[in-house]
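The values are calculated or read from the model by the stated rules, or taken from the named source; none is laboratory data. Since we're looking at a predicted model, the values are computed, not measured. Cβ atoms come from the backbone with ideal geometry, glycine included; neighbour counts cover every protein chain shown. Surface accessibility is based on the protein's heavy atoms, side chains included, excluding ligands, DNA and RNA. Shrake-Rupley method; radii C 1.70, N 1.55, O 1.52, S 1.80 Å.
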Amino acid sequence: MKLPSATATDLNKPGLRHFLKTQDFTKQELTEILDLMTLLKQARKDNAVPQLFKGKSVAMIFEQPSTRTRVSFETAATILGGHALFLSPKDIHLGGKENIADTSRVLSRMVDIMMARVDDHKTVADLAEHATVPVINGLCDWLHPTQMMADIFTMMEHLPAGKDLSDLSVAFVGDATNVASELMFICTKFGMDYKHIGPAKYQVPQKWIDIAEENCSLSGGTLTITEDTNAVEGCDILVADSFYWFGQEAEKDDRLATFIPEYVVDQRLMDKAGPNTMFMHCLPANDERETTREVMDGDNSLIFDEAENRLTAQMALLVYFTHKHTKPADDAIAADHDAIIGDFLTKL
Ligand code: CP
(Lines give C-alpha, C1' and ligand atoms only; values in the text may rest on other atoms or scores of the structure.)
Protein backbone atom coordinates (compact mmCIF):
# COMPACT_ATOMS: atom_id res chain seq x y z
CA MET A 1 0.00 0.00 0.00
CA LYS A 2 1.27 3.45 -0.86
CA LEU A 3 2.33 5.50 2.17
CA PRO A 4 0.15 8.54 2.83
CA SER A 5 1.92 11.76 1.89
CA ALA A 6 2.93 14.18 4.62
CA THR A 7 2.90 17.10 2.20
CA ALA A 8 1.87 20.60 3.26
CA THR A 9 1.41 21.43 -0.42
CA ASP A 10 -1.98 21.39 -2.07
CA LEU A 11 -1.24 18.73 -4.71
CA ASN A 12 -4.80 18.49 -5.93
CA LYS A 13 -5.77 21.63 -7.79
CA PRO A 14 -9.11 21.28 -9.51
CA GLY A 15 -9.13 23.11 -12.82
CA LEU A 16 -5.31 23.24 -13.03
CA ARG A 17 -4.28 24.55 -16.44
CA HIS A 18 -1.03 25.15 -18.24
CA PHE A 19 -0.21 27.87 -20.77
CA LEU A 20 1.73 25.94 -23.39
CA LYS A 21 0.10 27.56 -26.42
CA THR A 22 -2.62 30.14 -27.00
CA GLN A 23 -4.39 27.63 -29.25
CA ASP A 24 -5.37 25.65 -26.10
CA PHE A 25 -7.54 28.59 -25.01
CA THR A 26 -10.81 29.95 -26.33
CA LYS A 27 -11.11 33.48 -27.61
CA GLN A 28 -13.15 34.28 -24.51
CA GLU A 29 -10.42 32.97 -22.18
CA LEU A 30 -7.70 34.87 -24.06
CA THR A 31 -9.88 37.98 -23.86
CA GLU A 32 -10.14 37.48 -20.07
CA ILE A 33 -6.33 37.51 -19.88
CA LEU A 34 -6.20 40.64 -22.08
CA ASP A 35 -8.80 42.34 -19.85
CA LEU A 36 -6.76 41.44 -16.77
CA MET A 37 -3.72 42.95 -18.49
CA THR A 38 -5.67 46.20 -18.96
CA LEU A 39 -6.52 46.34 -15.25
CA LEU A 40 -3.02 45.49 -14.07
CA LYS A 41 -1.36 47.95 -16.45
CA GLN A 42 -3.62 50.70 -15.16
CA ALA A 43 -2.80 49.68 -11.57
CA ARG A 44 0.92 49.77 -12.42
CA LYS A 45 0.51 53.26 -13.89
CA ASP A 46 -0.99 54.27 -10.55
CA ASN A 47 1.79 52.49 -8.64
CA ALA A 48 -0.96 50.52 -6.93
CA VAL A 49 -0.70 46.92 -8.11
CA PRO A 50 -2.66 44.57 -5.81
CA GLN A 51 -0.39 42.05 -4.08
CA LEU A 52 -2.00 39.08 -5.81
CA PHE A 53 1.18 36.98 -5.84
CA LYS A 54 2.20 37.74 -2.25
CA GLY A 55 4.18 34.94 -0.65
CA LYS A 56 4.26 33.02 -3.94
CA SER A 57 7.14 31.94 -6.14
CA VAL A 58 7.61 31.31 -9.83
CA ALA A 59 10.39 28.93 -10.92
CA MET A 60 11.87 30.16 -14.22
CA ILE A 61 13.79 27.53 -16.17
CA PHE A 62 15.89 28.94 -19.01
CA GLU A 63 17.65 26.64 -21.48
CA GLN A 64 18.27 29.67 -23.72
CA PRO A 65 19.26 33.28 -23.05
CA SER A 66 16.56 35.90 -22.58
CA THR A 67 16.28 39.58 -21.79
CA ARG A 68 12.56 40.40 -22.01
CA THR A 69 11.07 37.12 -20.83
CA ARG A 70 13.39 36.80 -17.87
CA VAL A 71 13.21 40.41 -16.72
CA SER A 72 9.45 40.70 -17.24
CA PHE A 73 8.58 37.55 -15.28
CA GLU A 74 10.97 38.41 -12.47
CA THR A 75 9.71 41.97 -12.26
CA ALA A 76 6.07 40.91 -12.51
CA ALA A 77 6.51 38.53 -9.57
CA THR A 78 8.09 41.29 -7.49
CA ILE A 79 5.48 43.93 -8.37
CA LEU A 80 2.73 41.50 -7.37
CA GLY A 81 4.40 40.79 -4.01
CA GLY A 82 6.05 37.48 -4.88
CA HIS A 83 9.39 36.04 -5.86
CA ALA A 84 11.02 34.58 -8.99
CA LEU A 85 13.80 31.98 -9.15
CA PHE A 86 16.09 31.95 -12.18
CA LEU A 87 17.14 28.36 -12.93
CA SER A 88 19.47 27.58 -15.81
CA PRO A 89 20.59 24.03 -16.68
CA LYS A 90 23.95 24.98 -15.12
CA ASP A 91 22.20 25.58 -11.78
CA ILE A 92 19.79 22.65 -11.54
CA HIS A 93 19.85 18.95 -12.40
CA LEU A 94 17.19 19.15 -15.12
CA GLY A 95 17.95 16.77 -17.98
CA GLY A 96 21.26 15.74 -16.41
CA LYS A 97 21.26 14.06 -13.02
CA GLU A 98 17.48 14.30 -12.77
CA ASN A 99 14.77 13.67 -15.32
CA ILE A 100 12.11 16.20 -16.20
CA ALA A 101 9.31 14.34 -14.44
CA ASP A 102 11.10 14.28 -11.07
CA THR A 103 12.23 17.91 -11.40
CA SER A 104 8.66 18.91 -12.17
CA ARG A 105 7.21 17.00 -9.21
CA VAL A 106 9.80 18.44 -6.81
CA LEU A 107 9.38 22.04 -8.00
CA SER A 108 5.59 21.60 -7.73
CA ARG A 109 6.04 20.98 -4.00
CA MET A 110 7.86 24.28 -3.50
CA VAL A 111 6.69 26.89 -5.97
CA ASP A 112 3.28 28.10 -7.12
CA ILE A 113 3.90 28.22 -10.86
CA MET A 114 6.67 27.36 -13.33
CA MET A 115 7.81 29.05 -16.52
CA ALA A 116 10.20 27.33 -18.90
CA ARG A 117 12.07 28.50 -21.99
CA VAL A 118 13.25 25.34 -23.69
CA ASP A 119 14.95 24.12 -26.84
CA ASP A 120 12.32 21.47 -27.53
CA HIS A 121 8.56 21.76 -27.02
CA LYS A 122 8.56 18.24 -25.56
CA THR A 123 10.50 19.48 -22.52
CA VAL A 124 7.89 22.02 -21.49
CA ALA A 125 5.09 19.56 -22.33
CA ASP A 126 6.75 16.93 -20.10
CA LEU A 127 7.17 19.48 -17.31
CA ALA A 128 3.45 20.23 -17.51
CA GLU A 129 2.48 16.56 -17.64
CA HIS A 130 4.11 15.90 -14.28
CA ALA A 131 3.43 19.25 -12.60
CA THR A 132 0.83 19.91 -9.93
CA VAL A 133 1.22 23.66 -10.48
CA PRO A 134 0.60 25.61 -13.70
CA VAL A 135 3.40 25.59 -16.29
CA ILE A 136 3.89 28.48 -18.72
CA ASN A 137 5.77 28.07 -22.00
CA GLY A 138 8.31 30.91 -22.10
CA LEU A 139 9.30 29.99 -25.71
CA CYS A 140 10.14 26.70 -27.36
CA ASP A 141 11.16 25.66 -30.87
CA TRP A 142 7.50 25.82 -31.96
CA LEU A 143 5.66 28.44 -29.92
CA HIS A 144 5.91 31.68 -27.95
CA PRO A 145 2.54 32.19 -26.22
CA THR A 146 3.57 34.80 -23.63
CA GLN A 147 4.87 36.99 -26.45
CA MET A 148 1.49 36.74 -28.14
CA MET A 149 -0.41 38.11 -25.17
CA ALA A 150 1.87 41.16 -25.27
CA ASP A 151 1.52 41.47 -29.04
CA ILE A 152 -2.29 41.29 -29.16
CA PHE A 153 -2.51 43.68 -26.22
CA THR A 154 -0.21 46.12 -28.04
CA MET A 155 -2.44 45.89 -31.11
CA MET A 156 -5.47 46.63 -28.89
CA GLU A 157 -3.75 49.72 -27.54
CA HIS A 158 -3.07 50.99 -31.06
CA LEU A 159 -6.26 50.02 -32.89
CA PRO A 160 -6.91 52.24 -35.93
CA ALA A 161 -9.98 54.45 -35.45
CA GLY A 162 -13.21 52.54 -35.93
CA LYS A 163 -11.59 49.10 -35.94
CA ASP A 164 -11.63 46.31 -33.41
CA LEU A 165 -9.24 43.36 -33.25
CA SER A 166 -11.24 41.28 -35.73
CA ASP A 167 -10.95 44.08 -38.31
CA LEU A 168 -7.16 44.05 -38.30
CA SER A 169 -5.03 42.93 -41.19
CA VAL A 170 -1.71 41.51 -39.97
CA ALA A 171 1.19 40.55 -42.25
CA PHE A 172 4.16 38.59 -40.94
CA VAL A 173 7.21 38.70 -43.21
CA GLY A 174 9.99 36.15 -42.90
CA ASP A 175 10.75 32.75 -41.47
CA ALA A 176 8.22 30.31 -39.97
CA THR A 177 9.42 31.06 -36.44
CA ASN A 178 7.84 30.31 -33.07
CA VAL A 179 6.46 33.87 -33.14
CA ALA A 180 5.03 33.29 -36.62
CA SER A 181 3.17 30.16 -35.52
CA GLU A 182 1.64 31.74 -32.42
CA LEU A 183 0.76 34.92 -34.28
CA MET A 184 -0.93 32.91 -37.02
CA PHE A 185 -2.96 30.94 -34.48
CA ILE A 186 -4.07 33.86 -32.31
CA CYS A 187 -4.78 36.31 -35.15
CA THR A 188 -6.96 33.78 -36.96
CA LYS A 189 -8.67 32.90 -33.66
CA PHE A 190 -9.56 36.58 -33.21
CA GLY A 191 -10.99 36.78 -36.74
CA MET A 192 -8.24 38.91 -38.29
CA ASP A 193 -6.98 38.76 -41.86
CA TYR A 194 -3.58 37.14 -41.48
CA LYS A 195 -0.80 36.78 -44.05
CA HIS A 196 2.45 34.88 -43.79
CA ILE A 197 4.83 36.19 -46.43
CA GLY A 198 8.03 34.23 -46.88
CA PRO A 199 10.14 32.20 -49.31
CA ALA A 200 8.84 28.72 -50.20
CA LYS A 201 11.85 27.02 -48.65
CA TYR A 202 11.08 28.38 -45.18
CA GLN A 203 7.30 28.48 -45.35
CA VAL A 204 4.92 27.45 -42.56
CA PRO A 205 4.19 23.71 -42.39
CA GLN A 206 0.81 22.31 -43.37
CA LYS A 207 -0.06 21.30 -39.79
CA TRP A 208 0.03 24.98 -38.76
CA ILE A 209 -2.08 25.94 -41.76
CA ASP A 210 -4.67 23.32 -40.77
CA ILE A 211 -4.96 24.84 -37.28
CA ALA A 212 -5.22 28.41 -38.60
CA GLU A 213 -7.78 27.46 -41.27
CA GLU A 214 -9.92 25.78 -38.62
CA ASN A 215 -9.69 28.99 -36.57
CA CYS A 216 -10.76 31.04 -39.60
CA SER A 217 -13.77 28.82 -40.22
CA LEU A 218 -14.95 29.58 -36.68
CA SER A 219 -13.93 33.24 -36.44
CA GLY A 220 -14.50 34.60 -39.95
CA GLY A 221 -10.81 35.46 -40.27
CA THR A 222 -8.75 34.80 -43.38
CA LEU A 223 -5.39 33.18 -43.97
CA THR A 224 -2.99 33.89 -46.84
CA ILE A 225 0.34 32.15 -47.35
CA THR A 226 2.45 33.67 -50.08
CA GLU A 227 5.98 34.34 -51.30
CA ASP A 228 4.91 37.69 -52.73
CA THR A 229 5.98 40.68 -50.63
CA ASN A 230 3.49 42.87 -52.53
CA ALA A 231 0.91 41.23 -50.25
CA VAL A 232 1.92 43.66 -47.46
CA GLU A 233 -0.08 46.37 -49.22
CA GLY A 234 -2.75 47.89 -46.96
CA CYS A 235 -1.98 45.82 -43.84
CA ASP A 236 -2.51 47.47 -40.44
CA ILE A 237 0.42 45.66 -38.80
CA LEU A 238 3.65 44.47 -40.36
CA VAL A 239 5.64 42.00 -38.25
CA ALA A 240 9.26 40.90 -38.61
CA ASP A 241 11.29 38.30 -36.72
CA SER A 242 14.78 36.79 -36.81
CA PHE A 243 15.88 34.88 -39.90
CA TYR A 244 17.58 32.24 -37.75
CA TRP A 245 17.57 31.28 -34.04
CA PHE A 246 19.48 29.07 -31.62
CA GLY A 247 20.02 25.63 -33.15
CA GLN A 248 19.86 26.99 -36.72
CA GLU A 249 23.37 28.45 -36.86
CA ALA A 250 24.47 25.88 -39.46
CA GLU A 251 21.77 27.17 -41.82
CA LYS A 252 22.69 30.81 -41.25
CA ASP A 253 24.34 31.49 -44.63
CA ASP A 254 21.60 29.81 -46.63
CA ARG A 255 18.89 31.53 -44.64
CA LEU A 256 20.40 35.00 -45.00
CA ALA A 257 20.92 34.47 -48.74
CA THR A 258 17.28 33.34 -49.09
CA PHE A 259 15.65 36.10 -47.02
CA ILE A 260 17.84 39.11 -47.84
CA PRO A 261 17.03 41.49 -49.45
CA GLU A 262 13.47 40.54 -50.50
CA TYR A 263 12.05 39.73 -47.05
CA VAL A 264 13.76 42.46 -45.05
CA VAL A 265 11.17 44.77 -43.45
CA ASP A 266 12.87 47.98 -44.45
CA GLN A 267 11.41 51.36 -45.36
CA ARG A 268 10.78 50.09 -48.92
CA LEU A 269 8.42 47.42 -47.55
CA MET A 270 6.86 49.78 -45.00
CA ASP A 271 6.13 52.25 -47.82
CA LYS A 272 4.63 49.44 -49.88
CA ALA A 273 2.39 48.53 -46.92
CA GLY A 274 1.08 52.07 -46.52
CA PRO A 275 1.48 55.26 -44.47
CA ASN A 276 -0.60 53.98 -41.54
CA THR A 277 0.95 50.53 -41.25
CA MET A 278 2.45 49.88 -37.82
CA PHE A 279 5.62 47.87 -37.28
CA MET A 280 6.07 45.15 -34.64
CA HIS A 281 8.99 42.87 -33.73
CA CYS A 282 9.26 40.79 -30.56
CA LEU A 283 12.96 41.70 -30.23
CA PRO A 284 15.84 41.10 -30.05
CA ALA A 285 16.18 42.44 -33.57
CA ASN A 286 19.14 42.30 -35.89
CA ASP A 287 18.94 45.77 -37.35
CA GLU A 288 20.14 45.84 -40.92
CA ARG A 289 19.24 42.14 -41.25
CA GLU A 290 15.49 41.27 -40.93
CA THR A 291 14.64 44.96 -40.47
CA THR A 292 16.40 48.29 -40.30
CA ARG A 293 17.13 50.84 -37.61
CA GLU A 294 15.13 53.33 -39.68
CA VAL A 295 12.00 51.18 -39.36
CA MET A 296 12.63 50.23 -35.72
CA ASP A 297 12.97 53.87 -34.72
CA GLY A 298 10.39 55.11 -37.21
CA ASP A 299 7.17 56.92 -36.30
CA ASN A 300 5.08 53.78 -36.93
CA SER A 301 7.15 51.44 -34.78
CA LEU A 302 5.46 49.83 -31.75
CA ILE A 303 8.43 47.72 -30.69
CA PHE A 304 9.13 49.29 -27.30
CA ASP A 305 5.45 49.40 -26.28
CA GLU A 306 5.37 45.76 -27.34
CA ALA A 307 8.44 44.96 -25.21
CA GLU A 308 7.01 46.76 -22.16
CA ASN A 309 3.79 44.81 -22.55
CA ARG A 310 5.74 41.62 -21.87
CA LEU A 311 5.63 42.83 -18.25
CA THR A 312 1.91 43.58 -18.53
CA ALA A 313 1.34 40.07 -19.86
CA GLN A 314 3.45 38.29 -17.26
CA MET A 315 1.64 40.07 -14.39
CA ALA A 316 -1.68 38.87 -15.79
CA LEU A 317 -0.45 35.34 -16.50
CA LEU A 318 0.97 34.86 -12.98
CA VAL A 319 -2.34 35.98 -11.48
CA TYR A 320 -4.66 34.27 -13.99
CA PHE A 321 -3.07 30.86 -13.54
CA THR A 322 -2.61 30.92 -9.75
CA HIS A 323 -5.55 32.84 -8.32
CA LYS A 324 -7.92 29.86 -8.39
CA HIS A 325 -5.46 27.86 -6.30
CA THR A 326 -4.91 30.54 -3.67
CA LYS A 327 -6.51 29.82 -0.31
CA PRO A 328 -8.17 32.94 1.09
CA ALA A 329 -6.23 34.40 4.01
CA ASP A 330 -7.68 33.50 7.40
CA ASP A 331 -6.55 36.02 10.00
CA ALA A 332 -7.70 33.88 12.95
CA ILE A 333 -5.68 30.83 11.81
CA ALA A 334 -2.65 33.05 11.12
CA ALA A 335 -2.96 34.57 14.61
CA ASP A 336 -3.09 31.07 16.15
CA HIS A 337 0.08 29.98 14.33
CA ASP A 338 1.76 33.24 15.28
CA ALA A 339 0.94 32.73 18.97
CA ILE A 340 1.95 29.04 19.02
CA ILE A 341 5.24 29.54 17.17
CA GLY A 342 5.97 32.73 19.15
CA ASP A 343 5.41 30.85 22.41
CA PHE A 344 7.68 28.03 21.20
CA LEU A 345 10.46 30.50 20.31
CA THR A 346 10.32 32.32 23.67
CA LYS A 347 11.08 29.00 25.39
CA LEU A 348 14.21 28.24 23.37
N1 CP B 1 10.98 38.41 -27.33
C2 CP B 1 11.64 37.67 -26.45
O3 CP B 1 11.22 36.55 -26.07
O4 CP B 1 12.74 38.26 -25.94
P5 CP B 1 13.84 37.56 -25.04
O6 CP B 1 14.48 36.45 -25.88
O7 CP B 1 14.81 38.64 -24.67
O8 CP B 1 13.15 36.96 -23.84
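Of all the criteria given as (1) closer than 28 Å to Val264 by Cβ; (2) within 16 Å of the ligand (Cβ to nearest atom); (3) not in a helix (DSSP H, G or I), the one not satisfied by Val179 is (3).
Identify all residues within segment 311-348 that are within 30 Å of Gly138 (Cα to Cα) and among the charged types (D, E, K, R); write none if there are none. Selection gives Lys324, Lys327.
Filter segment 136-154 down to the residues that are in contact with a strand residue (DSSP E or B) (Cβ under 8 Å, 6 or more places away or on another chain), closer than 16 Å to Cys235 by Cβ and surrounded by 24 or more Cβ atoms within 10 Å (Cβ to Cβ) and list them by number. The one that is in contact with a strand residue (DSSP E or B) (Cβ under 8 Å, 6 or more places away or on another chain), closer than 16 Å to Cys235 by Cβ and surrounded by 24 or more Cβ atoms within 10 Å (Cβ to Cβ): Asp151. Only residues that are part of a loop (DSSP other than H, G, I, E, B) and open to solvent by 30 Å² or more (accessible area, probe 1.4 Å) were counted across segment 118-135, and they come to 3.
Taken over segment 278-299, residues that are farther than 18 Å from Val232 by Cα and buried (at least 19 other Cβ atoms within 10 Å of the Cβ) amount to 2.
Kindly provide the set of residues from segment 300-348 that are hydroxyl-bearing (Ser, Thr, Tyr) and open to solvent by 100 Å² or more (accessible area, probe 1.4 Å), ordered by number. Listed by number, the list holds a single entry, Thr346.
Of all residues in segment 63-88, those satisfying the criterion of being within 8 Å of the ligand (Cβ to nearest atom) and outside any helix (DSSP H, G or I) are Gln64, Pro65, Ser66, Thr67. Considering only residues in segment 256-267 that are touching a residue at least 60 places away in the same chain (Cβ under 8 Å) and either touching a helix residue (DSSP H, G or I) at 6+ places or on another chain (Cβ under 7 Å) or hydroxyl-bearing (Ser, Thr, Tyr) (or both), the one that is surrounded by the most Cβ atoms within 10 Å (Cβ to Cβ) turns out to be Val265. Residues in segment 10-57 that are among the hydroxyl-bearing types (Ser, Thr, Tyr) and open to solvent by less than 40 Å² (accessible area, probe 1.4 Å): 2 in all.
Selection over segment 299-323 of residues that are in contact (Cβ under 8 Å) with a residue 60 or more places away in the chain, farther than 22 Å from Phe25 by Cα and over 12 Å from the mean Cα position of the chain (by Cα) gives a count of 2. Close Cβ contacts (under 7 Å, 6 or more residues apart or on different chains) running from residues in segment 50-75 that are within 14 Å of Met115 (Cα to Cα) to residues that are among the hydrophobic types (A, V, I, L, M, F, W, C) and assigned to a loop (DSSP other than H, G, I, E, B) comprise Ser57/Val111; Val58/Val111; Ala59/Val111; Glu63/Val118; Gln64/Phe246; Arg68/Leu283; Thr69/Leu139.
Scanning segment 82-116 for residues that are acidic (Asp, Glu) and under 26 Å from Gln147 (Cα atoms) yields Asp91, Asp112.
Take the residues in segment 203-233 that are among the aliphatic types (A, V, I, L, M) and in a helix (DSSP H, G or I), then tell me which one is farthest from Asn286 (Cα to Cα). Break it down into steps so the answer makes sense when it comes.
Just the residues of segment 203-233 that are among the aliphatic types (A, V, I, L, M), to begin with: 204, 209, 211-212, 218, 223, 225, 231-232.
When the remaining residues are screened for being in a helix (DSSP H, G or I), the result is 209, 211-212, 218, 231-232.
Working: Ile209: 27, Ile211: 30, Ala212: 28, Leu218: 36, Ala231: 23, Val232: 21 Å.
Within segment 203-233, the match that is farthest from Asn286 (Cα to Cα) is Leu218.
Read through the list (1) surrounded by 22 or more Cβ atoms within 10 Å (Cβ to Cβ); (2) modelled with pLDDT under 95, then give the number of the only condition that Asp241 fails. Only one criterion is unmet by Asp241, namely (2).
Looking at segment 101-158 only, could you name the residues that are charged (D, E, K, R) and in contact with an Asp or Glu (Cβ under 8 Å, 6 or more places away or on another chain)? Please lay out each step first, then the result.
Of all residues in segment 101-158, those charged (D, E, K, R) come to 102, 105, 109, 112, 117, 119-120, 122, 126, 129, 141, 151, 157.
Selection gives Arg117, Asp119, Asp120, Asp141, Asp151, Glu157.
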